[in-house]
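Bear in mind these aren't lab numbers, they're just calculated from the coordinates by the rules spelled out. Bear in mind the structure is a predicted one, so any value in this text is a computation, not a measurement. Counting neighbours? That spans all protein chains shown, and the Cβs are built from the backbone with ideal geometry, glycine included.
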Amino acid sequence: MSQSFRLGVAGLGTVGSAVVRMIARRAAPLAAASGRDIRVTAVSARDRTRDRKLDLSGTAWFDDPVALARASDVDCVIELIGGSEGPAKATVEAALAAGKHVVTANKALLAYHGTSLARAAEAAGVALAYEAAVAGGIPVIKALREGLSGNAVSRVYGILNGTCNYILTRMEREGLTFEACLKDAQALGYAEADPTFDVEGFDTAHKLAILTSLAFGTAIDVDGVSVEGISGVKPLDLLMAEELGYRIKLLGVAQATEAGIEQRVHPTMVPKSSAIAQVMGVTNAVTVDADAVGELTLIGPGAGGEATASAVVADIADVAAGLVRPTFGRPTGQLRPAERVEMQRHEGGYYIRLTVHDRPGVAAGVATRMAEREISLESILQRRNTRAAASDPHGRSGQPVPLVLITYAATEGTIRAALEAIAADGLLAEAPQLIRIERD
């Protein structure tokens with residue numbers, strides 16, 4: 001067996017500690033798979049006194065992760081600090097400059113600096129590996145970069161944030177509000193005290209930007225992702241989705257169109273018959289549409305110490321075995337600039353929930369405004385306040401009631417123009433709800 005492969009682990013939180021334990025527990029199988037003894041020789045974390053239940057005897061401790069990245073007895077730096085700037089970025093840059101391999105789980109860092117870091121790794125002839133950065137323990141990076149390299153991908157989409165999927169699952173099953181489910185998610189540790197990054201879609205956007213680059217050979221363009229979170233989804237929307245044969249999921253979608261690559265994150269109605277509709281709770285899923293394999297869906301744990309450590313350790317084993325691949329599937333010089341497609345140009349079906357006054361002519365007025373813009377309606381559903389309407393001889397209450405429209409394919413721009421006209425007619429009692437439909 002050749003010389004040991006020496007690891008420096010920067011960040012000893014839940015994932016970092018799980019990585020150190022897994023390396024020790026799986027020492028023999030990892031050595032057999034990679035042809036080298038893999039061991040942790042250095043670590044770095046903010047608090048030396050914290051009891052992490054780790055045996056760090058004989059392991060060098062660095063208060064400064066950048067110093068760890070430059071240490072002579074470290075061959076590969078495992079960056080598990082997190083964040084797109086600061087110590088995480090400085091540590092990875094220092095490691096690459098020193099000619100050391102890097103394994104990271106840091107999706108934000110890659111979303112904002114992935115192309116430049118990949119270029120630095122290329123110049124140094126070292127690996128920049130990041131399986132754990134997207135969908136936790138699901139091996140989607142390897143699937144796209146290696147397993148599907150013979151395929152032309154037309155679309156990649158998925159449930160990439162367990163917090164949002166947990167909240168939507170609880171809302172659907174129990175009829176709870178977003179606010180109530182978020183509070184429970186925070187109590188269980190699924191959501192942070194400030195949940196904005198998760199529930200407003202930014203975490204999903206970072207992961208989607210990485211998948212887009214792998215799927216379509218483009219330079220990462222996180223600023224080109226259209227982002228909308230789940231805080232506006234109401235229990236009624238989930239109930240209506242159920243009646244119509246759909247479920248609502250927060251999806252990240254990257255799709256090739258004639259105008260360029262769409263990158264979008266938003267609540268989405270998916271057919272209940274689809275594989276991704278069956279994914280509940282904190283589980284993640286990624287679906288790839290490709291020419292040779294058709295539709296391929298990978299489902300599994302998207303977070304958690306052991307699941308994420310599994311992906312980190314898989315990368316470590318590959319690098320130890322000498323597998324150094326282009327970071328995003330091809331040399332950085334061959335990555336095409338991303339051709340952004342504005343959300344207004346997106347074309348697809350839509351679920352539209354209007355809160356209208358229950359009076360004669362309202363539904364006809366709405367339909368007229370849709371027809372003026374050549375928007376075809378698949379169905380119209382209206383729910384009346386039957387108790388309030390009982391006193392009216394025509395069965396109308398005059399009170400706000402939901403009017404739900406399902407459209408055939410239309411562009412976002414025409415849909416929004418029609419909604420603006422409907423609002424200008426004074427037909428709406430509150431702002432409309434708009435949810436895109438992602439059909440098979």
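Listing for the model above:
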| item | result |
| --- | --- |
| Proxy reagent accessibility, fewest Cβ within 10 Å first, across 204, 355 | 355, 204 |
| Proximal charge balance of residue 139 [Cβ under 12 Å; K/R count +1, D/E count -1] | -2 |
| Kirkwood-Stokes translational diffusion coefficient of region 227-310, alpha-carbon pairs, 37 °C, 0.692 mPa s, µm²/s | 224 |
| Rounded to 10°, Cα long-axis angle of helix 362-372 versus longest principal axis of the chain | 60 |
| On Cα atoms only, tilt of 162-174 relative to the major axis of the chain in degrees | 40 |
| Residue among 421, 120, 311 with the largest mean-square fluctuation in a Gaussian network model of the chain, springs linking Cα atoms under 10 Å | 421 |
| 0 to 90° range, to nearest 10: angle between helix 305-320 axis and the chain longest Cα axis | 50 |
| Phi to ³J(HN,Hα) by Karplus 6.51 cos²θ - 1.76 cosθ + 1.60 over region 220-226, Hz, x for Gly, Pro | 4, 9, 5, 6, x, 8, 7 |
| Globularity index of region 2-133, i.e. its alpha-carbon radius of gyration over 2.2 N^0.38 Å | 0.99 |
| Hypothetical label at residue 234: residues of region 174-218 whose amide nitrogen lies under 16 Å (7 Å Cα-Cβ projection) | 175-180 |
| Under-5 Å amide H pairs with residue 274, H placed in peptide plane, nonlocal only | none |
| The chain, helix-only ellipticity at 222 nm - DSSP H runs n ≥ 4, -39,500 (n - 2.57), divided by all residues, nearest 500 | -10500 deg cm²/dmol |
| Among 336-346, 12-22, the order from most to least packed when residues are scored by Cβ within 10 Å on average | 12-22, 336-346 |
| Most mobile listed residue (375, 261, 276) in the chain, GNM with C-alpha springs under 10 Å | 375 |
| Set 207/249; 107/142; 183/207; 249/272 screened for pairs whose C-alpha atoms are more than 19 Å apart | 183/207 |
| Extension reserve of the residue 152-residue 25 stretch, reckoned as 0.36 nm per residue once the Cα distance is removed | 41.8 nm |
| 17 Å Cα-Cα reach of residue 53 towards aspartates and glutamates, excluding residues that sit fewer than 8 places from it in its own chain | 306 |
| Cα Rg, Dmax, region 88-223, angstrom units | 17.1, 54 |
| Considering only the chain, percent of DSSP beta bridges that pair antiparallel, nearest 5 | 65 |
| Cα radius of gyration and Dmax for region 1-61 (Å) | 12.0, 36 |
| Within region 113-151: backbone nitrogen closer than 14 Å to the residue 293 label point (7 Å, Cα to C-beta) | 138-151 |
| Extended-chain gain in nm, criterion 0.36 nm per residue less alpha-carbon gap, residue 258 and residue 67 | 64.0 nm |
| Candidates 354, 109, 188, ranked by Gaussian network fluctuation over the chain, Cα under 10 Å, top entry | 188 |
| Amide proton proximity set for residue 134, modelled H, under 5 Å, gap of 5+ | none |
